[in-house]
Structure formats: structure tokens, C-alpha cells
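Written out below as C-alpha cells is the structure these notes cover.
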There are 2 protein chains.
Amino acid sequence: MERQDLRKAGLKVTSPRLKVLQILEHSQQRHMSAETIYRALLDSGEELGLATVYRVLTQFERAGLVSRNNFEGGQAVFELADRTHHDHMVCLETGKVTEFFDERIEVLQREIAEKYGYSIEDHSLVLYVRPKK
Amino acid sequence: MERQDLRKAGLKVTSPRLKVLQILEHSQQRHMSAETIYRALLDSGEELGLATVYRVLTQFERAGLVSRNNFEGGQAVFELADRTHHDHMVCLETGKVTEFFDERIEVLQREIAEKYGYSIEDHSLVLYVRPKK
DNA sequence: ATGCCTGCAAAGCTTTTGCAGATGC
DNA sequence: GCATCTGCAAAAGCTTTGCAGGCAT
């Protein structure tokens, strides 16, 4: 239940927070910008401010409930952090986002970082693709 | 010679364009934001506007003379497009940017895109790392 | 009761753009 | 000479923040 998630994160259970969580859980698209979430809520008759959506998403991110992706195109997109690590593929024609995970790439990345005397804290891999003709 | 590069790109040879190219060629850091380039030029006594730096960089990018990287932290960084394709590693402690290339990762990426019926148009791989203790 | 939230409006930051004058060819 | 540039200031787009009132507990 979402209320627990919020409490566990030290956040009071408020209407805007529940609404945003619910949109992220039940919307057909898994990856949404703050603005998209905001509009979805307005359209379903909810009253809240865009600033609140941003604030709530930032708190959720810090709490580990959602993750933020900076794809090309200005707006960050958020997704529920209910899955294990994965990377993304963005279709340049439809905007569709596909998630994928490949352990071999993960291993190679660690190997490369190590070769330079580093260890990986975080990484970002995005493929911008087009349907193959 | 830089003047040729500019002409070839259909750009008039102007002072701001030459200056920006020279900074990119001769600065100790290879990856610079528009603002950093702008400051470097001001500091060396050149007169030009920040808007011009942005305009010039965008034109250079379109002409294939520089490439733009969107690392975390708001500002895009530019580098001379004088090398073959490579990816980046950014040290979270020093900000140092290291370039690397691994054909195995490239192959895996193509393989994955293909599995989903796509072909890769572009991709972005950035490792955020820390010195290994 | 009180400390955490929210909405609104304003501000912040990076980047882009309109316009009038300047400059390369 | 004329199209292309440049600088300046203003605008744009996304996101954050200050503040005064509102709500959860």
C-alpha cells in the first residue's frame, strides 16, 4: 500500500503525494515527465500545483521511490523505482521507451572503470533508436 | 588550418568563430561548457558575447566540428570532434573527464537494439566514477 | 498544537532569439 | 554592396524556492 511507502520515507501522507504515486503506478506509460503527470492529474479532476509535483517527485527520488532519467529533450522523465537496475532505449520516431538489462555490458563497464583506477558510482546508458526497416 | 574548416562548413571566417575554435584546440581541458569557453576568452582579453559562443557552438555542432555532451549538472560540455567515436567517464570528485572506447560494448548495444527491432541512431554512455581506494 | 505541506508567484539557470548595427567577401 | 554575423537584452523552457496559509498527526 502506498501509504506505507510514504510513511517509511518519513513523508506525511497527503493527497498530492498519493495522487502522484497512483499516476505513476497506473498510467499506461511508465516514463513520465513532471508536466505529463501534472496534466494527467488535472485531467482527472485533481487540483494541485506543478511546483508540488516537482517537489514531490524530488522527495520520492531521494526516498528511492522513483528514479529520474535525463533523456534528450529538456524534460526529465520519472519512473517508479520498483524494478532492478536497467538501461533505456528511446525510439526517436514514436518516443517509446524500452527498458533493457545486459549483464555483459555491466561487467565491461566495471572492467573499464577499473582499468583507469576508478569504481563506478552510477552510470547512464541510453540508446536512441529507430524501427529497423 | 581552422579557416578552412570554417569555410568548408559554409561559415564565414569571423573573429568569434576562430577564437572559439582555438580555445577548444589549445585549452588544457578538452571538455568545456559554453560558459567556460566564454570566460576563457574574456580572461585572455577577447571581446565577445556569451550568446555568440552558444550560437557558434551550435553551428559547429551541426557542421560536425564539435560534439555536445549532456553530462549531469545542467551545463552541456563541448569537445572538438577530431577523434573517432568514444564514450565518457566523469570523476565525481575531481570532475575529470576520461574518454574510452570498447568495441565489445558497441557490438552488444547493436545486438540489443536489434533484438527489439530497432537500429541505433545514436547513443550516450557515461560512467560516473570515483577513484578506487 | 505544531511542524510539515501546498499553492502561487517569483526567481534561477541554461540556452535561444529578435533586432539593429557591424563585418567578411 | 549585401548577406551573413555579432552583441545586447529580452524571452523561453524547465525546475526550484520564499512565503503565508492549510493540513496531517
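The values are calculated or read from the model by the stated rules, or taken from the named source; none is laboratory data. Just so we're clear, the structure is a prediction, and the values are computed from it rather than from any experiment. Because the Cβ atoms are built from the backbone with ideal geometry, glycine has one as well, and the counts that use them run over all protein chains shown. Quick note on the areas: whole protein, heavy atoms, side chains included, nothing else; ligands and nucleic acids left out. Shrake-Rupley method; radii C 1.70, N 1.55, O 1.52, S 1.80 Å.
Summary table below
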| quantity | calculated |
| --- | --- |
| Of all residues in the range A:10-30 being β-branched (Val, Ile, Thr) and within 13 Å of DNA strand C (Cβ to nearest atom), the one that is farthest from the other protein chains (Cβ to nearest Cβ) | A:VAL13 |
| Filter result for the condition that a residue is exposed (fewer than 15 other Cβ atoms within 10 Å of the Cβ), among the hydrophobic types (A, V, I, L, M, F, W, C) and either modelled with pLDDT of 95 or more or more than 12 Å from DNA strand D (Cβ to nearest atom) (or both), over A:LEU41, A:LEU92 | A:LEU92 |
| Total residues in the range A:6-37, condition of a type in the set (A, V, I, L, M) and part of a helix (DSSP H, G or I) | 8 |
| Sole residue being within 17 Å of the chain's Cα centre (by Cα) and in a loop (DSSP other than H, G, I, E, B), chosen from B:THR84, B:THR98 | B:THR84 |
| Meets criteria (at pLDDT 95 or above, basic (Lys, Arg), within 20 Å of B:VAL129 (Cβ to Cβ) and over 15 Å from the mean Cα position of the chain (by Cα)) for A:ARG104 | yes |
| Residue check, B:GLU72 within 15 Å of DNA strand C (Cβ to nearest atom), assigned to a loop (DSSP other than H, G, I, E, B) and open to solvent by 40 Å² or more (accessible area, probe 1.4 Å) | yes |
| Which numbered condition B:ARG62 fails, given (1) open to solvent by 80 Å² or more (accessible area, probe 1.4 Å); (2) within 15 Å of DNA strand C (Cβ to nearest atom); (3) more than 13 Å from the chain's Cα centre (by Cα) | (3) |
| The range A:24-38, subset away from DNA strand D (no atom under 11 Å from the Cβ) and either among the acidic types (Asp, Glu) or surrounded by fewer than 19 Cβ atoms within 10 Å (Cβ to Cβ) (or both), residue nearest to A:ASN70 (Cα to Cα) | A:ARG30 |
| Enumeration of residues in the range B:52-109 that are among the small types (Gly, Ala, Ser) and over 26 Å from B:ASP5 (Cβ atoms) | B:GLY73, B:GLY74, B:GLY95 |
| Positions within the range A:115-130 being facing chain B (nearest Cβ under 7 Å) and over 19 Å from the mean Cα position of the chain (by Cα), in sequence order | A:TYR116, A:GLY117, A:TYR118, A:SER119, A:ILE120, A:VAL129, A:ARG130 |
| Tally, over the range B:95-104, of residues that are within 17 Å of B:GLN28 (Cβ to Cβ) and either at the interface with another protein chain (Cβ under 7 Å from one of its Cβ atoms) or open to solvent by less than 80 Å² (accessible area, probe 1.4 Å) (or both) | 4 |
| All positions within the range A:107-128 that are in a helix (DSSP H, G or I) and either touching a residue at least 12 places away in the same chain (Cβ under 8 Å) or over 16 Å from B:ARG104 (Cβ atoms) (or both) | A:GLN109 |
| A:LEU6 within 15 Å of DNA strand D (Cβ to nearest atom), of a type in the set (A, V, I, L, M) and modelled with pLDDT under 95 | yes |
| Of the criteria (1) of a type in the set (D, E, K, R); (2) open to solvent by less than 80 Å² (accessible area, probe 1.4 Å); (3) without any contact (Cβ under 8 Å) to a residue 24 or more places away in the chain, which one A:GLU79 fails | (3) |
| Qualifying residue in the range A:113-122 (condition: open to solvent by less than 80 Å² (accessible area, probe 1.4 Å), at positive phi and not β-branched (Val, Ile, Thr)) | yes |
| Count of residues meeting criterion [of a type outside the set (Ser, Thr, Tyr) and in a strand (DSSP E or B)] in the range A:38-69 | 3 |
| Test: residue in the range A:46-64 that is more than 10 Å from DNA strand D (Cβ to nearest atom), at pLDDT 95 or above and under 18 Å from A:VAL126 (Cβ atoms) | no |
